[in-house]
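Reading through the structure tokens given below for one structure.
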Amino acid sequence: MSASHTSPTANPQSPTYTGYLTGYVLAAVLSVIPFGAVMLGGLSTHAVMVIIGLTALIQAAVQLKYFLHIDFKHSPKENLFALAFAVVLVVLMIGGSLWIVSDLNARMMPAMGANMEMPQEL
Amino acid sequence: MGRLNWDALPFYSWVAFTGALVTVGGGLLVVALILYKGWTRKLWTDWLTTVDHKKIGIMYIVLAMVMLLRGFIDALMMRAQQAIAMGNEGYLPPEHFDQIFSSHGTIMIFFMAMPFLTGLINYVMPLQIGARDVAFPFLNAVSFFMTAAGAVLMLLSLVIGVFSTAGWTGYPPYSGAQYSPGVGVDYWIWSVMISGIGTTLSGVNFVTTIMTQRAPGMRLMQMPMFVWTALCSSILMVFAFPALTVVTMMLALDRTFGFHFFTNAAGGNQMQYANLFWMWGHPEVYILILPAFGVFSEVVSVFSSKRLFGYVSMVWATMAIAVLSFTVWLHHFFTMGSSANVNAAFGIATMIIAIPTGVKVFDWLFTMYRGRIRITSPMLWTMGFMVTFGIGGMTGVLLAIPAADYVMHNTTFLVAHFHNMLVPGALFGFFAGYMYWFPKAFGFQLSEVWGKRAFWFWFTGFYCAFMPLYALGFMGMSRRMEHYDVATWQPYLIFACFGAVLVLLGIICLGIQLWVSVRDRVALADTTGDPWDGRTLEWATSSPPPEYNFAHIPDVSDLDAFYEMKQTARTAPAPYEDIHLPASSVYAPLMGVAAAIFGFAVIWWIWWLAALSLAALVALTIARNVTGEPHVTIHAAEVAKIEGART
Amino acid sequence: MSSAMTPEAQPITAPHTSAHLEDRARTEQMGYWLYLMSDAILFVALFATYAVLHANSAGGPEASDIFEFSRTALNSALLLTSTLVLGFSGIGFAKGNKGAGFGWLAAAFALGALFVGLEVQEFAALVAQGASPQTSGFLSAYFALVATHGLHVTVGLIWMLTYVALLLYEGPTRRVLANGNRLAAFWHMIGIVWIGIYSVVYLPGILQ
């Protein structure tokens, strides 16, 4: 009996120790990079943020592949579709919230930036 | 006992006291009837502990009907108050009026429309795809009891304590602890959150059922339209409801533990509440409307005796609506003050969503075109919907223009608009479905005469009640006014109240229809299982269907699977086999009880009880997980006997 | 009329044949995966709120005052390693090697419990230094997000215990191993959410 048949994202290839270890090493490297960038300093804040964001996205993909065994060939189409929809909603909900609220902050309190403290005079 | 004491009883106004008496009295009457008739055992073994999707579906609809009555009484009281209260106080004190509009909205959305559509999907969808049950029958029962627990809290607020005065949307800072210190908003939060968790689980269940339990041969593009709309609606439940869970939880943390998500002080941001709430709230509109669209599609095709026109375009329109519903939420708060770019983007997205909806309306019209139309009661609701919904859609496109919205926001124009969408777009659809599938569920038809009377009262009542509100909105009347001083408004409001009375007559007709039909059930009996000359699989089995739905799982090769079967010759049935079904379970009702007690305890800050009931809930979940899913077997001989009785 | 109603015959497969079990496994996988996606959206709403409120410290402690680099790094390492060894445990049981299965499972539990312990300690320290969730919108959002994640880890730990009970009581049957696989998927999902937490909450906070 192969365990893969009952994993949430069935994949005909059984998971292996090597597969998990590969994922682990990749994930560890992709964690060390952003932590290192923050610890060592020297780069601009903007550059470090880009590094954090990119490594996070790649690491999420790595963990989906090696730990959750998501695979475009073998995982059921419905599950991939659900995942894709969730990713779209991540973008819509977080991106939308930031867009809406930053726009509002900029219009309402230009002098106070993102700080939401209400001016007393209003 | 936390903050619970004798002051919680509703002696603050005679109207509230009467409401509490009616609620308690109604409950006691039902209990007395059950005891008198000796139905206790039957109720427990056949209904409350069942995991059969058909019975769960019926329980959902019964819950919806009871809550419809409660929600409608709220509506009637508001209309009466506004008809009277010109230049005087009317008969309702302000804090009571505010509870009424809050509970009306909450009930109609969460405890009338949601259970109604969940009940219809539960009953019909597995039959239409030729399945024995939903994918997770036990989970289905849990979902129902979560919804019921929410409804119980909702009704309890009438008797112990008060309900929210913050409207069905519960906007902070007004709904925060500073301005609404009592238990009202907490009742709203916990009834909505607990039932919302049930809905999320229903969504998971339905999507999985539709994707994995279809009869052999039924491809996605051969699914009946109602199944498609159930699928899209369920996907929205899975992906939208978590936002509601989070936002209500945050409001609860603000209120109970002094967090600062949405407060005025200490860096809270009220607009994040509106933002999260409508991230759920707009998809919710389509969760309500899409299943009704599915009912209309089934009804219009059967009663025009034609295949549904433009099936493929209908499927794509449904999916487009489902995805687009996540891109328009800001139109609920244009007046928040975003820049022109933001408002324009969401305004345009809102208008775009009208396109797939328009596609659907044309598909229904073309289905009727040159069909042999039978004007039955389900068909009347459908045609009434098409006319009325068109008007509501147009006022919606008007509101989608941010500049126009600035004028109309928070007026009765808005109230008229969304009732104009949801009454025909959801409720008429549910009534059509109720009358269309009733013979399937109970083996006899509903009285057509009384069904048609109910329709005409609802239809005319709707126009009389809501058209004046459009005009009043233009005249500058804000929504939710407890009293007012503008004499020119009063005639409109009296006319609207008259409309509400017509709707009341419609509801009475629905009651009489049920009564008359049960009385005449022998004459109205449906022996064929196919009273309407149906086209989809649910009509292939007997009325009511046996516990196992189909003795042989049908093999599907066409969109209108049953219609095609009727055209081709019958093949000799293969020998019957043993059928395995999940056994009933006491866990689901117990979990519902634990959830209701937990909600009550948290609302009243009775922390020991909250901890106890939460522990019970966790223990029940683990126990069920460990014991697994017991099955019962219906032996082949018994199946043969049941099937033999059909002919 | 009604005799023509019988749909074309198609015998159903009795349960407990392998085809039926395959179907059932597929159904359960799908339902569980949908639940995980729904849970992910729950976190999305929490992340969105943190993103909106993160600068609203209202004169109280700010992110750079309270987040610790080494603690974040340690937590990340614990959770990632726990994810790895839980995967190993699943392979162990699937291969019929109970010793490996239980051993790795115990390791995963220990690492997860350590993570929760450290988080509780972190929260207690924050509250002690006046950075409680009642202090500001920023801290409310921070606690809500990180504690919801911590609560998921705790649920996972309780689940591990019931999984062990199932294994001892029933043995590694198909049903029990499926339960274990769902547990593993839950645990991996929590791991992925943690990537979001250190990338959105801790590292940017320390950076500022």
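No lab work stands behind these numbers, since they all come straight from the coordinates. What you see is a predicted model; the values in this text were computed from it and never measured. As a convention, Cβ positions derive from the backbone with ideal geometry for all residues, glycine included, and neighbour counts pool all protein chains shown.
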For the stretch C:48-117 and the stretch B:53-90, what is the separation of their C-alpha centers, rounded to whole Å? 49 Å
In deg cm²/dmol, rounded to the nearest 500, the helical mean residue ellipticity at 222 nm of chain B, built from -39500 (n - 2.57) for every DSSP H run of length 4 or more, is -22000 deg cm²/dmol
For B:Leu422, C:Leu53, order by how many other beta-carbon atoms lie within 10 Å, fewest first: B:Leu422, C:Leu53
Taking N as the number of residues in the stretch C:136-178, what is its alpha-carbon radius of gyration divided by 2.2 N^0.38 Å? 1.78
Quick one, can you get me the convex hull of the C-alpha atoms of the stretch C:74-208 expressed as volume per residue in Å³? 99 Å³
If you project the alpha carbons of the stretch B:129-267 onto the principal axes, what extent comes out on each, in Å, largest first? 60, 35, 22
Highest average packing first - B:270-281, B:368-379, Cβ atoms within 10 Å: B:270-281, B:368-379
Which percent of Cα pairs goes in each bin when the distances of the stretch B:308-451 are cut into 10 angstrom slices starting at zero? 11, 32, 32, 17, 7, 1
Principal axis box of chain B, alpha-carbon based, largest edge first, Å: 74, 59, 48
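When the gyration tensor of the stretch B:207-320 is built from Cα positions, what are the square roots of 5 times its three eigenvalues, in whole Å, from largest to smallest?
Numbers: eigenvalues 326, 42, 19 Å².
Equivalent ellipsoid of the stretch B:207-320: 40, 14, 10 Å, largest first.
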So how far, in whole Å, is the C-alpha centre of the stretch A:21-53 from the one of the stretch B:489-555? 62 Å
Alpha-carbon Debye profile of the stretch B:318-402, log10 I(q)/I(0) at 0.11 Å⁻¹: -0.40
Hits among lysines - C-alpha to C-alpha of B:Lys440 under 17 Å, sequence gap 8 or more where chains match: B:Lys54, B:Lys55
For the stretch B:1-140, what is the convex hull volume of its Cα atoms per residue in Å³? 165 Å³
So what's the protein assembly as shown giving for Rg/Rh, alpha carbon basis, Kirkwood Rh from the mean inverse pair distance? 0.96
On each of the three principal axes of the Cα atoms of the stretch B:143-197, give max minus min coordinate, whole Å, ordered largest first. 34, 23, 14
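Note down, for the stretch A:15-69, the three equivalent ellipsoid semi-axes (square root of 5 times each alpha carbon gyration tensor eigenvalue), biggest first, whole angstrom.
On the way: eigenvalues 137, 24, 4 Å².
Semi-axes from the Cα gyration tensor: 26, 11, 4 Å.
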